[in-house]
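Below is one structure, written out as structure tokens; the observations come after it.
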Amino acid sequence: MTSTAAAGPRASTADADQAQRRILRVLVASQILSGAGLAAGVTVGALLAQDMLGTTTLAGLPSALFTAGSALAALVVGRMSQAHGRRPGLATGYLTGAVGSAGVITAAVLDSPVVLFVALLVYGAGSATNLQARYAGADLARPGHRARAVSTVLVATTLGGVAGPNLAAPAGDLAAHLGIPRLAGPFVLSGLAYALASLVLALWLRPDPLLLARALDRTAPAEGGATVDAPGTGGIRGGVVLGALVMVLTQLVMVAIMTMTPVHMRDHGHGTAASGLVIAVHIGAMYLPSPLTGRLVDRYGRMKTAAASGATLLAAGVVAATAPGDSVGLLALALALLGLGWNFGLVSGTAIVTDALPLATRARTQGMVDVSIAVAGAAGGITSGVMVAATSYPALALTCGFLSLAVLPAVAVTAYRR
């Protein structure tokens, strides 16, 4: 840190850029691993609970529980990052997710719903950490490149996220061979993936992006150089509220429809492989477009991309509602649109929040924003099963699609004020 400051503004900027490239490489590696862990559990969580409980009504409960767990983890990881840096916060979060995976396997062996529910809360830490990592990618990025930095971290999740669901069936076969219930097999994969992601970050996320950004922010003004921190002009509170609203709505809609799609498919005679394929397409659409989304956000603005998220999620809801239950292709298209709309909302919302926050309080506030996102996901997960049991999957999809349009007036009001 001392050499960076002493070398003057030019050296500080060069060192920050060099450190940013290394940090992004390490984050990409950890996100590939964590993506596999995240997607594997999502694929079979609802099915595992349905088998244990014998009812569809509570099939959304696993999604609600691990998103509720991710809310608590987001708060803890955010505060730990604020106090000690991104590296210990992210590494601890992924390790906790690995412990939760082991708990789910234990619950399946014991056929214990109580143990399953507790384990899913702990497992949610992996999901929260996977999202928190995007902020680490933006800490050292210049203001005009923040969305692209966020998108680089997100797109890395694609490789693991696509592989995870497609490994659900082989992981189930391995679990059955070992005497473990077949549906618990993917959690063996997720536990290993999360543990490796934690190890990668603990060993190689150096320098810590948040701590280095703070050091540069302290020295740059005194030296007349540009700081890496450039809060947006829309005001801290307004920017945080708008960015959080965009991400909360997209998360709620995405989780609700995604959670019940495997259950809907099984009710129409599809097996784990088919639902795994659809979820893989969905996960790919959530992360793969990130580089393009990042460029759109940086070039055309946060507000336009946020508005596009609402329109895309509406299209996803309409396609999911009208798709025949036996059409894997149309359901895959619906979930691809669902993932794309979520991607638009997450990248634009993250950029809005990051622009608005000073480095002094950035990690803690970002953690609180992600708590609200996780709570929205939990609400979407728990209510989706209840709604499908009371009405139907098409009714759920249409309701969620129209709910996503609520982002449009918020964006319009903010744009008008500016």
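The values are calculated or read from the model by the stated rules, or taken from the named source; none is laboratory data. Note that the structure is a prediction, hence the values are computed from the model and not measured. With ideal geometry, Cβ positions are generated from the backbone for all residues, glycine too; neighbour counts draw on all protein chains shown.
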Check: Among the residues of the stretch 265-297, which ones are surrounded by fewer than 22 Cβ atoms within 10 Å (Cβ to Cβ) and closer than 12 Å to ALA147 by Cα?
Finding: PRO291, LEU292, ARG295, LEU296
Next item on the list: Among residues belonging to the stretch 80-128 that are over 22 Å from GLY185 (Cα atoms) and among the hydroxyl-bearing types (Ser, Thr, Tyr), point out the one that is modelled with the highest pLDDT.
Entry: THR92
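I'm trying to understand the selection: among the residues of the stretch 265-280, which are more than 10 Å from LEU331 (Cα to Cα) and either in contact with a helix residue (DSSP H, G or I) (Cβ under 7 Å, 6 or more places away or on another chain) or not acidic (Asp, Glu) (or both)?
ARG266, HIS268, GLY269, HIS270, GLY271, THR272, ALA273, ALA274, GLY276, LEU277, ALA280
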Notebook entry, point to check: Residues of the stretch 150-168 being at pLDDT 80 or above and farther than 22 Å from MET80 by Cα, which ones?
Noted result: SER151, THR152, VAL155, ALA156
Next item on the list: Considering each of GLY310, GLY276, GLY317 in turn, give the residue that is over 16 Å from LEU337 (Cβ atoms) and not in a loop (DSSP other than H, G, I, E, B).
Entry: GLY276
Margin query: Can you say whether VAL369 is surrounded by fewer than 19 Cβ atoms within 10 Å (Cβ to Cβ) and either under 22 Å from the mean Cα position of the chain (by Cα) or without any contact (Cβ under 8 Å) to a residue 40 or more places away in the chain (or both), as far as the supplied structure shows?
Written below: no
Next item on the list: Look at the stretch 172-199 and say how many of its residues are surrounded by fewer than 22 Cβ atoms within 10 Å (Cβ to Cβ) and either under 23 Å from the mean Cα position of the chain (by Cα) or not hydrophobic (A, V, I, L, M, F, W, C) (or both).
Entry: 10
Checklist line | Unique residue being part of a helix (DSSP H, G or I), hydrophobic (A, V, I, L, M, F, W, C), modelled with pLDDT of 70 or more and in contact with a Pro (Cβ under 8 Å, 6 or more places away or on another chain) when the list is ALA39, ALA19, ALA74, ALA68 | finding: ALA19
Next item on the list: Quick one: which residue in THR350, THR354 is at pLDDT below 90, buried (at least 19 other Cβ atoms within 10 Å of the Cβ) and touching a Phe, Trp or Tyr at 6+ places or on another chain (Cβ under 8 Å)?
Entry: THR354
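Does LEU95 count as crowded, with 24+ Cβ neighbours inside 10 Å, hydrophobic (A, V, I, L, M, F, W, C) and either at negative phi or without any contact (Cβ under 8 Å) to a residue 60 or more places away in the chain (or both)?
On the way: crowded, with 24+ Cβ neighbours inside 10 Å: no; hydrophobic (A, V, I, L, M, F, W, C): yes; either at negative phi or without any contact (Cβ under 8 Å) to a residue 60 or more places away in the chain (or both): yes.
Spelling it out, it is not the case that LEU95 is crowded, with 24+ Cβ neighbours inside 10 Å, hydrophobic (A, V, I, L, M, F, W, C) and either at negative phi or without any contact (Cβ under 8 Å) to a residue 60 or more places away in the chain (or both).
Quick check: is even one residue across the stretch 401-409 in contact (Cβ under 8 Å) with a residue 12 or more places away in the chain, in a helix (DSSP H, G or I), among the hydrophobic types (A, V, I, L, M, F, W, C) and farther than 26 Å from GLY239 by Cβ?
If we filter the stretch 401-409 for residues that are in contact (Cβ under 8 Å) with a residue 12 or more places away in the chain, which is where we start, we get 401-408.
Still in the list and also in a helix (DSSP H, G or I): 401-408.
Then drop every residue that is not among the hydrophobic types (A, V, I, L, M, F, W, C), which leaves 402-403, 405-408.
Subset that is farther than 26 Å from GLY239 by Cβ: 402.
Among the residues of the stretch 401-409, at least one is in contact (Cβ under 8 Å) with a residue 12 or more places away in the chain, in a helix (DSSP H, G or I), among the hydrophobic types (A, V, I, L, M, F, W, C) and farther than 26 Å from GLY239 by Cβ, which makes the answer yes.
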Check: So which of LEU131, LEU159, LEU154, LEU174 is over 30 Å from ARG302 (Cα atoms) and assigned to a helix (DSSP H, G or I)?
Finding: LEU174
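Closer than 24 Å to PRO62 by Cα and within 16 Å of the chain's Cα centre (by Cα), is that true of ALA379? Working first, answer last.
On the way: closer than 24 Å to PRO62 by Cα: yes; within 16 Å of the chain's Cα centre (by Cα): yes.
Answer is yes for this residue.
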Check: Which pairs do you get when a residue that is closer than 12 Å to THR293 by Cβ, found in the stretch 140-162, comes within reach of a residue that is modelled with pLDDT under 90 and aromatic (Phe, Trp, Tyr), reach meaning Cβ atoms under 7 angstrom, with the pair 6+ apart or on two chains?
Finding: LEU154/TYR287; VAL155/TYR287
Notebook entry, point to check: Are there any pairs, at least 6 apart or on different chains, whose C-beta atoms fall under 6 Å, with the first in the stretch 259-287 and within 20 Å of THR322 (Cα to Cα) and the second of a type in the set (D, E, K, R), and if so, which?
Noted result: HIS268/ASP326
Item checked: Filter pass, GLY60 being modelled with pLDDT under 90, among the small types (Gly, Ala, Ser) and under 14 Å from SER190 (Cβ atoms) -> no
